[in-house]
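S.K.: Quick one: this structure, given as C-alpha cells, is what I'll be asking you about.
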Amino acid sequence: MGGAVAAVVNQDEAHYSSIPNNTKSSWWRDPCLRWNMVHCLGLCGTLFFNGYDGSLMNSLQSIDAWQEYFHHPSSNILGLMNSSGFLPGLIVCWIADIFAHYYGKRLTVWIGSAFAIVGALIIGLAQNTGMFIGGRAVMGIGVQGTLVVAPALLQEIAHPRYRSRLSGMYMSIYYFAAVISSSVCRGTLHLVGDKSWRIPALLQVVGPVVTILMTITAPESPRWLEKRGKSTEARAILAKYHANGDLDDPLVAFEYRQIQEALLSEEANAQTRYVDYLKGAGNRHRLFIIVIVSLGTNWVGNGIVSYYLSPILDTLGITDANQQLDINIGLQTWNFLCSTAAALAIDKAGRRPLWLTSTAGMLVCFSVVMALSAVYAQHGQQSVGTAVIPFLFLFFAFYDMAWTPLSYSYPVEILTFSMRTKGQAIFVFLQTLGMAVNTWVNPIAFDAITWKYYGVYLALISIILVTIYFKFPETRNLTIEEIAVIFDGDRAFGGHTSDVMGTGAGNSGHAYGDLKTAENIEQTSTASV
C-alpha cells in the first residue's frame, strides 16, 4: 500500500469489519491471529484457576477423607474456608490497579499467577485448617489481582473481529476448569488416605502455570503504551497482531486513531480518577452497571448452588458421595457447553436480549426449585427431591446465557481506557465483598431456614431484572472506543464523534472515513477527517 492509506467508504454504511485488513478471514489460517488467539486464551486462563478452585471447594465437601482430616467443619468454619479465597480481593484489587497503571497489565497478570501457584501448593500441603485457609487466602491474592487486569488486557489486545466472542469466552473457561476439577475429585475419591483430596488440590498449580506460558510472549496493551508516550511501539503491536506487521494497514490506522482520540478525550474530560465515576451522567451510569453486575454475579441464586451443592443435595435426600460428584460433573459440563454457545452468539443476539432472557428465565426456574424443595421438606417424597435437579440445570442454562459470558466483558467494554482497571478494581472489590458474605452466610442461613432461604434470591432476581430493562444499553457491533458515545454522547472522542465513527455512531453504522498517512494521524489526532 506504500506510505499512504487512502481507503474511503460511505460513512453511513461502513463498519470496522468492512475496513480492509491484512489478515485472512479465518483466524486459524492466519499467523498473527493465531498468536492473538493464544494470548487471549491465556488471559482467559486467569478464570481457569478461579473455576478450578470454586469447583474444588464444592467437590471436597463430598470426600470423606477431607471431611475427616478437617474434623467435619461446622457451617461457620466451612464458610470461612470458602470466603478466605475472596477476602484478599478487598485490598488487592486496588493494588492491582495501581500496579497495572505504572508497570502495565501484562506484568500484573504474571505476578498474580505466581501468587496463585504458591497458594495452590499451600492448600495441597495443608497440615491443619489454619494452613488450608491461609493457602486459600494467598491464592485469593493471585486470583483477585488477575481479575482486575486480565479481562481489560484481553479486550485491549484482541482483534476487533473476535473481541466480543473472546471476552465472552473469558467466563466460560471457568466451567471448563470446573469440569476438570470435579472429574479429578471423582477419580481420586476412592484413593486411600489424604491422596483423595491432596492430589486435586495440588493440581490447581496447572492453571496459573499454563497462563504464564501462554502469555509470556503476549503484547502489552497498545492503549497503555500510547498513554505512556510509546506511540511507535503501540502502533507496531497493533500492526503485528492485527495485520501481520503491516503498519499501513487501514484497520490498524483506524484503531490507532480511535485510541488517540479516546485518550485525548479522557484527559480533556478529566476521566482518570476514581472520583470521576461520580462526575457526569455517563460515568455514573457506568458505575451503576458495575455495581449491579458485580454483586449480581453471586447474588442471583447461583452462589448457593455453586459452592454448596453438596448440602443442597443432602436436603433433597441425595447423600451418596458418588452421586453428588457425578451430578456436579454433569452440572459443570452443562455450564461450559451453555456458556460457550452463548459467548459465540453475543454479537448476533445482542447484549440486552441475552441479559433480559437470562435473568427472566432464572427467576422462573428458581421459583420452581423453591416450590419443589418446600414440597420435599414437608412430605419427604424422593421423586420430588430428584425433580429439583433438572430445574437446577435449567436455572444454570439461563444463568450461562448472559451472567457467565457478559459479567466481565460487559462492564469492561463500557469503560474508557483510563477508567478501565479502576472500574475493574471497583467490580472485583464489590464482587469479592458480595461473594465473601454470600459464601459465609449461605451455609448458616441454609442450615437455619433451608428451602425458605431461596425466597431471598427470588426477590433479588426480580429487582435486578427490572434494573436491566431500564439501565443496560445495547453495545453490539461497536469497538470499545465507540461504546463511549452511548454514555458520553458528543463528549466522546473530544467532540469529534462523526469524524471517528461516522454519522451512525450511536447505532451500528460507523466508518473510518478518509484515513490519512501514519504521520498525519499522529500529528493531527484531533483534526477532522
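This table checks each residue for (1) within 30 Å of Val364 (Cβ to Cβ); (2) over 23 Å from the mean Cα position of the chain (by Cα); (3) crowded, with 20+ Cβ neighbours inside 10 Å; (4) modelled with pLDDT under 85.
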position	(1), (2), (3), (4)
Ala459	yes, yes, no, no
Ile468	yes, no, yes, no
Phe472	yes, no, yes, no
Arg476	yes, no, no, no
Gly489	no, yes, no, yes
His496	no, yes, no, yes
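S.K.: Shifting gears a bit: Would you call Val149 touching a Ser or Thr at 6+ places or on another chain (Cβ under 8 Å) and closer than 22 Å to Leu430 by Cα?
M.R.: On the way: touching a Ser or Thr at 6+ places or on another chain (Cβ under 8 Å): yes; closer than 22 Å to Leu430 by Cα: yes.
Against the criterion (touching a Ser or Thr at 6+ places or on another chain (Cβ under 8 Å) and closer than 22 Å to Leu430 by Cα), Val149 qualifies.
S.K.: For Val412, indicate whether it is part of a helix (DSSP H, G or I), touching a Pro at 6+ places or on another chain (Cβ under 7 Å) and under 30 Å from Thr108 (Cβ atoms).
M.R.: Values: part of a helix (DSSP H, G or I): yes; touching a Pro at 6+ places or on another chain (Cβ under 7 Å): yes; under 30 Å from Thr108 (Cβ atoms): yes.
Judged against the criteria, Val412 is a match.
S.K.: Let me ask something else. Modelled with pLDDT under 95 and within 25 Å of Thr416 (Cβ to Cβ): does that describe Gly79?
M.R.: In short, no.
S.K.: Another question, then. So if I check each of Ser62, Ser55, which one is in a loop (DSSP other than H, G, I, E, B) and among the small types (Gly, Ala, Ser)?
M.R.: From the options Ser62, Ser55, the qualifying one is Ser62.
S.K.: Here is a follow-up. Against the definition (buried (at least 24 other Cβ atoms within 10 Å of the Cβ) and assigned to a helix (DSSP H, G or I)), how does Leu90 come out, yes or no?
M.R.: Working: buried (at least 24 other Cβ atoms within 10 Å of the Cβ): no; assigned to a helix (DSSP H, G or I): yes.
Against the criterion (buried (at least 24 other Cβ atoms within 10 Å of the Cβ) and assigned to a helix (DSSP H, G or I)), Leu90 does not qualify.
S.K.: I need the full set of residues from the range 425-442 which are within 20 Å of Leu78 (Cα to Cα) and either within 18 Å of the chain's Cα centre (by Cα) or of a type in the set (Asp, Glu) (or both), in order please.
M.R.: Scanning the range 425-442 gives Gln431, Thr432, Leu433, Gly434, Met435, Ala436.
S.K.: Restricting to the range 225-252, count the residues that are of a type in the set (Gly, Ala, Ser) and assigned to a helix (DSSP H, G or I).
M.R.: Total satisfying the criteria: 4.
S.K.: Let me ask something else about it. Any residue in the range 151-163 that is touching a Phe, Trp or Tyr at 6+ places or on another chain (Cβ under 7 Å), within 30 Å of His72 (Cα to Cα), part of a helix (DSSP H, G or I) and of a type in the set (Val, Ile, Thr)?
M.R.: Taking every residue of the range 151-163 in turn, none turns out to be touching a Phe, Trp or Tyr at 6+ places or on another chain (Cβ under 7 Å), within 30 Å of His72 (Cα to Cα), part of a helix (DSSP H, G or I) and of a type in the set (Val, Ile, Thr).
S.K.: Restricting attention to the range 163-199, report how many residues are more than 16 Å from the chain's Cα centre (by Cα) and aromatic (Phe, Trp, Tyr).
M.R.: 1
S.K.: Would you be able to say whether some residue in the range 461-483 is over 16 Å from Leu356 (Cα atoms), assigned to a helix (DSSP H, G or I) and not basic (Lys, Arg)?
M.R.: Within the range 461-483, the first condition is being over 16 Å from Leu356 (Cα atoms), and the residues that meet it are 477-483.
Checking the rest, the ones that are also assigned to a helix (DSSP H, G or I) come to none.
Scanning the range 461-483, I find no residue that is over 16 Å from Leu356 (Cα atoms), assigned to a helix (DSSP H, G or I) and not basic (Lys, Arg), so the answer is no.
S.K.: Would you point out the residue of the range 420-448, among those that are buried (at least 19 other Cβ atoms within 10 Å of the Cβ) and of a type in the set (Val, Ile, Thr), that is nearest to Leu287 (Cα to Cα)?
M.R.: The qualifying residue nearest to Leu287 (Cα to Cα) is Ile426.
S.K.: Okay, next question. Give me the residue from the range 157-167 that is surrounded by 24 or more Cβ atoms within 10 Å (Cβ to Cβ) and small (Gly, Ala, Ser) and, out of that set, nearest to Ala116 (Cα to Cα).
M.R.: Ser167
S.K.: Against the definition (assigned to a helix (DSSP H, G or I) and out of contact with any Gly (no Cβ under 8 Å at 6 or more places or on another chain)), how does Gly45 come out, yes or no?
M.R.: The answer is no for Gly45.
S.K.: Name the one entry in Arg106, Arg136 that is among the charged types (D, E, K, R) and in contact with a Leu (Cβ under 8 Å, 6 or more places away or on another chain).
M.R.: Working: Arg136 fails: in contact with a Leu (Cβ under 8 Å, 6 or more places away or on another chain).
Just a single option satisfies the conditions, and that option is Arg106.
S.K.: So which residues in the range 348-369 are more than 30 Å from Lys452 (Cα to Cα) and over 17 Å from the mean Cα position of the chain (by Cα), if there are any at all?
M.R.: The answer is Lys348, Ala349, Gly350, Arg352, Pro353.
S.K.: So for the range 79-99 (the condition being within 19 Å of Phe48 (Cβ to Cβ), without any contact (Cβ under 8 Å) to a residue 60 or more places away in the chain and either in contact with a Ser or Thr (Cβ under 7 Å, 6 or more places away or on another chain) or of a type in the set (S, T, N, Q) (or both)), does at least one residue qualify?
M.R.: No; the residues of the range 79-99 include none that is within 19 Å of Phe48 (Cβ to Cβ), without any contact (Cβ under 8 Å) to a residue 60 or more places away in the chain and either in contact with a Ser or Thr (Cβ under 7 Å, 6 or more places away or on another chain) or of a type in the set (S, T, N, Q) (or both).
S.K.: Does any residue of the range 166-178 turn out to be over 20 Å from Leu337 (Cα atoms) and either touching a Leu at 6+ places or on another chain (Cβ under 8 Å) or of a type in the set (Gly, Ala, Ser) (or both)?
M.R.: Step one: filter the range 166-178 for residues over 20 Å from Leu337 (Cα atoms), giving none.
No, because not a single residue in the range 166-178 is over 20 Å from Leu337 (Cα atoms) and either touching a Leu at 6+ places or on another chain (Cβ under 8 Å) or of a type in the set (Gly, Ala, Ser) (or both).
S.K.: Further question: Which of the residues that make up the range 216-247 are more than 18 Å from Gln258 (Cα to Cα), hydroxyl-bearing (Ser, Thr, Tyr) and at pLDDT 95 or above?
M.R.: Listed by number, the list is empty, since nothing qualifies.
S.K.: Listed residues Gly54, Gly42; which is at pLDDT 85 or above, under 20 Å from the mean Cα position of the chain (by Cα) and of a type outside the set (A, V, I, L, M)?
M.R.: Only one candidate qualifies: Gly42.
S.K.: Scan Ile122, Ile180 and give me the residue that is farther than 28 Å from Ala100 by Cβ and touching a Phe, Trp or Tyr at 6+ places or on another chain (Cβ under 9 Å). Break it down into steps so the answer makes sense when it comes.
M.R.: Values: Ile122 fails: farther than 28 Å from Ala100 by Cβ.
From the options Ile122, Ile180, the qualifying one is Ile180.
S.K.: Give just the number: which of (1) among the hydroxyl-bearing types (Ser, Thr, Tyr); (2) under 22 Å from Val437 (Cα atoms); (3) without any contact (Cβ under 8 Å) to a residue 24 or more places away in the chain does Tyr103 not satisfy?
M.R.: Tyr103 satisfies every listed condition except (2).
S.K.: Right, another one. Does any residue of the range 198-215 turn out to be at pLDDT 90 or above, surrounded by fewer than 18 Cβ atoms within 10 Å (Cβ to Cβ) and polar (S, T, N, Q)?
M.R.: The answer is no; no qualifying residue exists.
S.K.: When you scan the range 139-156, do you find a residue that is hydrophobic (A, V, I, L, M, F, W, C), free of Cβ contacts under 8 Å to residues at least 60 places away in the same chain and surrounded by 21 or more Cβ atoms within 10 Å (Cβ to Cβ), even just one?
M.R.: Going through the range 139-156, the residues hydrophobic (A, V, I, L, M, F, W, C) turn out to be 139, 141, 143, 147-150, 152-154.
Next, from what is left, pick out any that are free of Cβ contacts under 8 Å to residues at least 60 places away in the same chain: 141.
Pick out the ones that are also surrounded by 21 or more Cβ atoms within 10 Å (Cβ to Cβ) and you get 141.
Within the range 139-156, one or more residues are hydrophobic (A, V, I, L, M, F, W, C), free of Cβ contacts under 8 Å to residues at least 60 places away in the same chain and surrounded by 21 or more Cβ atoms within 10 Å (Cβ to Cβ).
S.K.: For the condition among the charged types (D, E, K, R) and without any contact (Cβ under 8 Å) to a residue 60 or more places away in the chain, what is the one hit in Asp314, Asp347?
M.R.: Just one listed residue meets the conditions, Asp314.
The values are calculated or read from the model by the stated rules, or taken from the named source; none is laboratory data. Just so we're clear, the structure is a prediction, and the values are computed from it rather than from any experiment. Don't worry about glycine lacking a Cβ; one is built from the backbone with ideal geometry, like all the others, and counts go over all protein chains shown.
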